[in-house]
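Read the structure below first, then the notes.
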Amino acid sequence: MNKYLSINEEVKKALSEGKPIVALESTIISHGMPYPENVKTALECQRIIRENGAVPATIAIIKGMLKVGLTDEEIDYLGKSGVNVQKTSTRDIPYIVSQKLDGATTVSATSFIASLAGIKIFATGGIGGVHRGAQETFDISADLDELSKTKMAVVCAGAKSILDLGLTLEYLETKAVDVIGYNTDILPAFYTSKSDFKVNHRLNTPTEIANLIKAKWEMGMPGGVLITNPIPTEYEMDKETIDKAINEALAEMDKLGIKGNKTTPYLLAKIKEITKGDSLESNIKLVYNNCKLASQIAKDLY
Ligand code: PSU
Ligand code: MN
């Protein structure tokens, strides 16, 4: 066993018995949502995964240990600490580990740690991508490169238009990461079920998705697969309202000069403020929907 890795008993047992496991990230807890909704959502995600026949493995770094499966107390601690816990992307892992610090892991760092533990699939809300204006700033999330290197199937609700969706798709093609639409031809845009872009391939059942993932890995291809799952239409936001909120938030961010890894958390909080909490409600519902789909796919992966 990797001396940096600490896997809880439930996940260890599931790994040894070949039971389906679904990983969950922790930046969504500390930086993605306010307290106490963040903690409530994280616990409910675990419940939904169990209800759908899989074992949840929420991932973070605690006192320098790569933790696979957190206690409720650890989840509460990350939720309460919020942005005071270091947002940890893959590049930050060696620093956090060697300094024995706590880190909330992003999609990239969570994928890396989950795959060390032998987990194959991971549910989240939204992944990072190519930011608008990346031609100037080079701001491209490490989530995309991690997907090209690490064997992890990531279930998300597409990408928000705080990102440049067209460039995000191009980047993923360059990196040989397939973008699957679950029951849709259109790339979902997180708060809304549709965008102006198409996914690469549409698949209509969890089993077909699992078969694609298995085919990729059984052929020895490196990297993961991105599964985009549209927010259920009853929970989606009005396109005009959310576009306006996103543009307002982006303009405010430019004015304040916010850059780098503070961008995504700032925009999420600002959009929530502008929409008076509606965006948070949609965000929570789409995460639950992704936990369910990831569990269904997981059952065919193991
Ligand atoms: N999108 C969300 N909620 C989140 C994130 C993205 O709707 O919490 C987090 C995820 O952890 C993701 C990270 O991996 O932000 C991407 O950050 P960056 O853009 O700095 O790479
Ligand atoms: Mn970035």
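The values are calculated or read from the model by the stated rules, or taken from the named source; none is laboratory data. Here the structure is a predicted model, which means the values were calculated and not measured. Counting neighbours? That spans all protein chains shown, and the Cβs are built from the backbone with ideal geometry, glycine included.
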### Task
Report yes if some residue within region 48-57 is among the small types (Gly, Ala, Ser) and within 13 Å of ligand 1 (Cβ to nearest atom); otherwise report no.
no
### Message
Return the residues of region 109-145 that are more than 10 Å from ligand 2 (Cβ to nearest atom), part of a loop (DSSP other than H, G, I, E, B) and out of contact with any Phe, Trp or Tyr (no Cβ under 9 Å at 6 or more places or on another chain); say none if nothing qualifies.
### Response
ALA117, GLY118, ILE119, THR124, ILE127, ARG132, GLY133
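Given the structure, is THR106 among the polar types (S, T, N, Q) and under 19 Å from ILE271 (Cβ atoms)? Give the derivation first.
Details: among the polar types (S, T, N, Q): yes; under 19 Å from ILE271 (Cβ atoms): yes.
So THR106 passes the test.
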## Note on the structure
Looking across region 155-177 at residues that are modelled with pLDDT of 95 or more, touching a Lys or Arg at 6+ places or on another chain (Cβ under 9 Å) and part of a loop (DSSP other than H, G, I, E, B), the single one that is surrounded by the fewest Cβ atoms within 10 Å (Cβ to Cβ) is LYS175
### Query
Does at least one position in region 70-77 carry a residue that is farther than 30 Å from LYS214 by Cα, more than 15 Å from ligand 1 (Cβ to nearest atom) and not acidic (Asp, Glu)?
yes
### Task
Among the residues of region 82-108, count how many are within 16 Å of ligand 2 (Cβ to nearest atom) and of a type in the set (Lys, Arg).
2
### Query
Any residue at all in region 179-194 that is of a type in the set (A, V, I, L, M), surrounded by fewer than 18 Cβ atoms within 10 Å (Cβ to Cβ), touching a residue at least 12 places away in the same chain (Cβ under 8 Å) and within 22 Å of ALA134 (Cα to Cα)?
no
### Query
Of everything in region 33-60 that's in contact with a Pro (Cβ under 7 Å, 6 or more places away or on another chain) and of a type in the set (Gly, Ala, Ser), which residue is farthest from ligand 2 (Cβ to nearest atom)?
GLY53
### Task
Scan GLU273, GLU234 and give me the residue that is charged (D, E, K, R), at pLDDT 95 or above and closer than 29 Å to GLU51 by Cβ.
GLU234
### Message
Looking at region 207-238 only, could you name the residues that are of a type in the set (Phe, Trp, Tyr) and farther than 20 Å from SER193 by Cβ?
### Response
TRP217
### Task
Could you tell me which numbered condition LEU116 fails, if it satisfies all but one of (1) closer than 19 Å to ILE59 by Cβ; (2) of a type outside the set (D, E, K, R); (3) touching a Pro at 6+ places or on another chain (Cβ under 8 Å); (4) more than 14 Å from ligand 1 (Cβ to nearest atom)?
(3)
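For ASP143, indicate whether it is closer than 25 Å to LEU66 by Cβ, modelled with pLDDT of 95 or more, among the acidic types (Asp, Glu) and surrounded by 24 or more Cβ atoms within 10 Å (Cβ to Cβ).
Values: closer than 25 Å to LEU66 by Cβ: yes; modelled with pLDDT of 95 or more: yes; among the acidic types (Asp, Glu): yes; surrounded by 24 or more Cβ atoms within 10 Å (Cβ to Cβ): yes.
Judged against the criteria, ASP143 is a match.
Return the residue satisfying two criteria in turn: it lies in region 178-206 and is assigned to a loop (DSSP other than H, G, I, E, B) and of a type in the set (A, V, I, L, M, F, W, C), and of such residues it is nearest to the chain's Cα centre (by Cα).
Initial filter on region 178-206 (assigned to a loop (DSSP other than H, G, I, E, B)): 183-185, 187-188, 190-191, 193-197, 199-200, 204-205.
From what's left, of a type in the set (A, V, I, L, M, F, W, C): 187, 190, 197, 199.
Values: LEU187: 16, PHE190: 11, PHE197: 20, VAL199: 18 Å.
Out of the qualifying residues, it is PHE190.
With region 39-103 as the region, which strands (runs of 3 or more DSSP E) entirely inside it contain at least 2 residues that are under 24 Å from LEU286 (Cβ atoms), within 17 Å of the chain's Cα centre (by Cα) and in contact (Cβ under 8 Å) with a residue 24 or more places away in the chain?
Of the strands (runs of 3 or more DSSP E) lying wholly inside region 39-103, those with at least 2 residues that are under 24 Å from LEU286 (Cβ atoms), within 17 Å of the chain's Cα centre (by Cα) and in contact (Cβ under 8 Å) with a residue 24 or more places away in the chain span 55-62, 86-88.
Touching a residue at least 60 places away in the same chain (Cβ under 8 Å), over 15 Å from the mean Cα position of the chain (by Cα), within 14 Å of ligand 1 (Cβ to nearest atom) and crowded, with 20+ Cβ neighbours inside 10 Å: does that describe LEU286? Can you show your working first?
Numbers: touching a residue at least 60 places away in the same chain (Cβ under 8 Å): yes; over 15 Å from the mean Cα position of the chain (by Cα): no; within 14 Å of ligand 1 (Cβ to nearest atom): yes; crowded, with 20+ Cβ neighbours inside 10 Å: yes.
Against the criterion (touching a residue at least 60 places away in the same chain (Cβ under 8 Å), over 15 Å from the mean Cα position of the chain (by Cα), within 14 Å of ligand 1 (Cβ to nearest atom) and crowded, with 20+ Cβ neighbours inside 10 Å), LEU286 does not qualify.
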### Task
Answer yes if at least one residue in region 222-233 is within 16 Å of ligand 2 (Cβ to nearest atom), under 24 Å from GLY166 (Cα atoms) and not basic (Lys, Arg), and no otherwise.
no
### Query
Among the residues of region 236-270 satisfying the criterion of being under 19 Å from the mean Cα position of the chain (by Cα) and free of Cβ contacts under 8 Å to residues at least 60 places away in the same chain, which is farthest from ligand 1 (Cβ to nearest atom)?
GLU236
